[in-house]
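The values are calculated or read from the model by the stated rules, or taken from the named source; none is laboratory data. This is a predicted model, so every value here is computed, not measured. Please note: Cβ atoms are built from the backbone with ideal geometry, for glycine as well, and neighbour counts cover all protein chains shown. Just the protein is used for accessible areas: all its heavy atoms, side chains included, with ligands, DNA and RNA removed. Shrake-Rupley method; radii C 1.70, N 1.55, O 1.52, S 1.80 Å.
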Amino acid sequence: MKYILFAFMGLISSTVLLAQGLPKPGCTTILADAMFSEVDTTKPRGVADNYHTWENGKELLVKFMPGGGKLLREKVMQSAKEWEKYANIRFRFVPDNDPNAVIRVQLGKGHGHNSAVGTEAKFRSKDEQTINFDTIYLSDITYYISRLQKKGNSGPYNVGNIEDEMAIEPDHWSEKELRRVVVHEFGHALGLLHEQSFPGAINWNKSDSVYNYYQETQGWDRDKVDFNVFEVADQFYTNGTTYDPRSIMHYSVESWQTTDGYSLKDNYELSAGDKALIAALYPKGQKEALKLVPKVEISNFNKLTVTTQTARKGLVIEPVFDLKTNSRLGEVYFVARLATEDGYYVRTSGLYYNWGGTVATYKKMTLLPNSKVSYNKAKKNFELFLPFEYIPDLKGKKVIVEFSVYLDDASNNQYNKLMYYSATNPLSLPQQ
Ligand SMILES: [Zn+2]
């Protein structure tokens, strides 16, 4: 298994030739990372990742990565703010050079539309976007095709044709599609998941034709189709709501994709269910979310120090960070895992220093509600230790030490929620 959790996927093949316009890219927000655990799926759910919602009432600083014209940026800002009508949250757009922006929007091409889910944005490095929009698919493609037709180009058209026309005459946007996509991706940024993941909502036809469809239109292999379309169904948190086919967080569904002929067109507006769910997650006039679950917030993560101590015969791992808990708390695991420099976890079948089959060291802690703790700041007060004897021979390869914080919420039967993630650069281990 690759250790890198939050890689973006390049999806749209620019050489796909199509007779009729261009297919819309599916939203490729990676959901399974937020939802490792198996959970009870018998109850009705509203599809949010409650463990990665922001603090209620928070003002989120948002910036654009380089790129994207003024008009497009204005339209994105305007659509994002749609959520503010119903949620006790503010998106404050700051200048491009502001280093404190937690949400970073890329208006680019070739990476599909996707977003980090809620506070997962904090795991991403500061020079990386947390939301990606593939701007060509926000453009008024019909308009650009009509330009091509006037020039005598009767198709089929490809992405390059549209790009060329956009370069000559920019800023023709599809208002409706742009709004839908922006509201949808900012919904992820607030912690919402895909509504089609609702257990039992859709009887997917897992046939070759469906896999082929996503292969052709999105460039997804079978794993990605399982991941993005089918497999997340069992893995999210209950909010006590019912399945909402009108949610803006729902994919469109073609009848041939289901075993019972069910189909659904894209939704362009926030549904009543969307409004109710976001208002419960971020209630106005309330301090805490109505759907509050235990959470830990890791902040000011300065560094991850790893030292080899020959006297103790092991690696000493000392992350430097602040931790804050909310009013409800579960148990927290601090885990340091080893990967090799080429990006694979170091496997083990040993009884000790084993986290899910990988070489790791961890500590379990129960923290007090509403507490704030600093680790390894004023004084050294936290370390993870990994004895050399539990590290297999890596044949001279360097190692990456990955530090993760997981939360177990037994009261809600939810486990292994990833609350933080960081990793070192490749390090050399001493020869043994
Ligand atoms: Zn999505």
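Of all the criteria given as (1) crowded, with 21+ Cβ neighbours inside 10 Å; (2) farther than 30 Å from Y251 by Cβ, the one not satisfied by T340 is (1). Step by step: first the residues of segment 124-144, then only those that are in contact with a helix residue (DSSP H, G or I) (Cβ under 9 Å, 6 or more places away or on another chain) and open to solvent by 10 Å² or more (accessible area, probe 1.4 Å), then the one that is farthest from the ligand (Cβ to nearest atom). Which residue is that? Per the stated criteria, the residue is Y143.
Does segment 162-172 hold any residues that are touching a helix residue (DSSP H, G or I) at 6+ places or on another chain (Cβ under 6 Å) and either closer than 21 Å to Q218 by Cα or surrounded by 13 or more Cβ atoms within 10 Å (Cβ to Cβ) (or both), and which are they? Before you say what the answer is, go through the steps one by one.
So the first thing to find is which residues in segment 162-172 are touching a helix residue (DSSP H, G or I) at 6+ places or on another chain (Cβ under 6 Å), and the list is 162, 165, 171-172.
Answer for segment 162-172, where residues must be touching a helix residue (DSSP H, G or I) at 6+ places or on another chain (Cβ under 6 Å) and either closer than 21 Å to Q218 by Cα or surrounded by 13 or more Cβ atoms within 10 Å (Cβ to Cβ) (or both): I162, E165, H172.
Here is a yes/no grid of residues against (1) farther than 27 Å from S428 by Cβ; (2) within 27 Å of the chain's Cα centre (by Cα):
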site: V332; (1), (2): yes, yes
site: A339; (1), (2): no, yes
site: G343; (1), (2): no, yes
site: R347; (1), (2): no, yes
site: G350; (1), (2): no, no
site: N354; (1), (2): no, yes
site: F388; (1), (2): no, no
site: K397; (1), (2): no, no
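Considering only segment 47-110, give the strands (runs of 3 or more DSSP E) lying wholly within it that have at least 3 residues that are open to solvent by less than 30 Å² (accessible area, probe 1.4 Å).
On the way: elements: 59-64, 90-93, 103-108.
Here the list reads 59-64, 103-108.
Screening W204, W220 for residues that are out of contact with any Asp or Glu (no Cβ under 6 Å at 6 or more places or on another chain), open to solvent by less than 10 Å² (accessible area, probe 1.4 Å) and in the same structural domain as K58 (by TED's automatic domain parsing) leaves exactly one candidate, W220. The set of residues in segment 303-319 that are of a type outside the set (G, A, S), exposed (fewer than 14 other Cβ atoms within 10 Å of the Cβ) and either touching a residue at least 60 places away in the same chain (Cβ under 8 Å) or out of contact with any strand residue (DSSP E or B) (no Cβ under 9 Å at 6 or more places or on another chain) (or both) comprises T310, R312, K313. Only residues that are under 16 Å from L315 (Cβ atoms), open to solvent by 10 Å² or more (accessible area, probe 1.4 Å) and in a strand (DSSP E or B) were counted across segment 378-421, and they come to 2. One residue stands out in segment 174-194 among those that are open to solvent by 10 Å² or more (accessible area, probe 1.4 Å) and in contact with a helix residue (DSSP H, G or I) (Cβ under 9 Å, 6 or more places away or on another chain): the one that is nearest to the ligand (Cβ to nearest atom), namely R180.
Considering segment 175-198 alone, what residues qualify as being assigned to a loop (DSSP other than H, G, I, E, B) and at pLDDT 95 or above?
As a first pass, look at segment 175-198 and keep what is assigned to a loop (DSSP other than H, G, I, E, B): 190-191, 193-194, 198.
Once the filter is applied, which keeps residues that are assigned to a loop (DSSP other than H, G, I, E, B) and at pLDDT 95 or above, segment 175-198 yields only L190.
S79 satisfies every condition listed in (1) within 16 Å of the ligand (Cβ to nearest atom); (2) within 30 Å of L290 (Cβ to Cβ); (3) within 19 Å of the chain's Cα centre (by Cα) except (3). Annotation note: of E185, E216, the sole residue that is of a type in the set (D, E, K, R) and under 25 Å from V105 (Cα atoms) is E185.
Among the residues of segment 94-103, the one identified as within 22 Å of the chain's Cα centre (by Cα) and over 22 Å from S299 (Cβ atoms) is D96.
Looking for whichever is assigned by TED's automatic domain parsing to the domain that holds N300 and either more than 24 Å from S299 (Cβ to Cβ) or at pLDDT below 90 (or both) here; the options are N370, N326, N412, N381. Which one fits? Working first, answer last.
Details: N370 fails: either more than 24 Å from S299 (Cβ to Cβ) or at pLDDT below 90 (or both); N326 fails: either more than 24 Å from S299 (Cβ to Cβ) or at pLDDT below 90 (or both); N381 fails: either more than 24 Å from S299 (Cβ to Cβ) or at pLDDT below 90 (or both).
Unique residue meeting the criteria: N412.
Being without any contact (Cβ under 8 Å) to a residue 60 or more places away in the chain and more than 25 Å from P430 (Cα to Cα) holds for only one residue in A378, A360, and it is A378.
Quick one: what pairs do we get from segment 247-261, first residue assigned to a helix (DSSP H, G or I) and hydroxyl-bearing (S, T, Y), second away from the ligand (no atom under 16 Å from the Cβ) and open to solvent by 10 Å² or more (accessible area, probe 1.4 Å), C-beta under 9 Å, 6+ apart or different chains? Listed by first residue and then by second, the contacts come to S255/G261; S255/Y262; S255/S263.
Over 14 Å from H188 (Cβ atoms) and out of contact with any strand residue (DSSP E or B) (no Cβ under 8 Å at 6 or more places or on another chain): which single residue out of K63, K70, K109 fits that description?
Numbers: K63 fails: out of contact with any strand residue (DSSP E or B) (no Cβ under 8 Å at 6 or more places or on another chain); K109 fails: out of contact with any strand residue (DSSP E or B) (no Cβ under 8 Å at 6 or more places or on another chain).
Every option except K70 fails the conditions.
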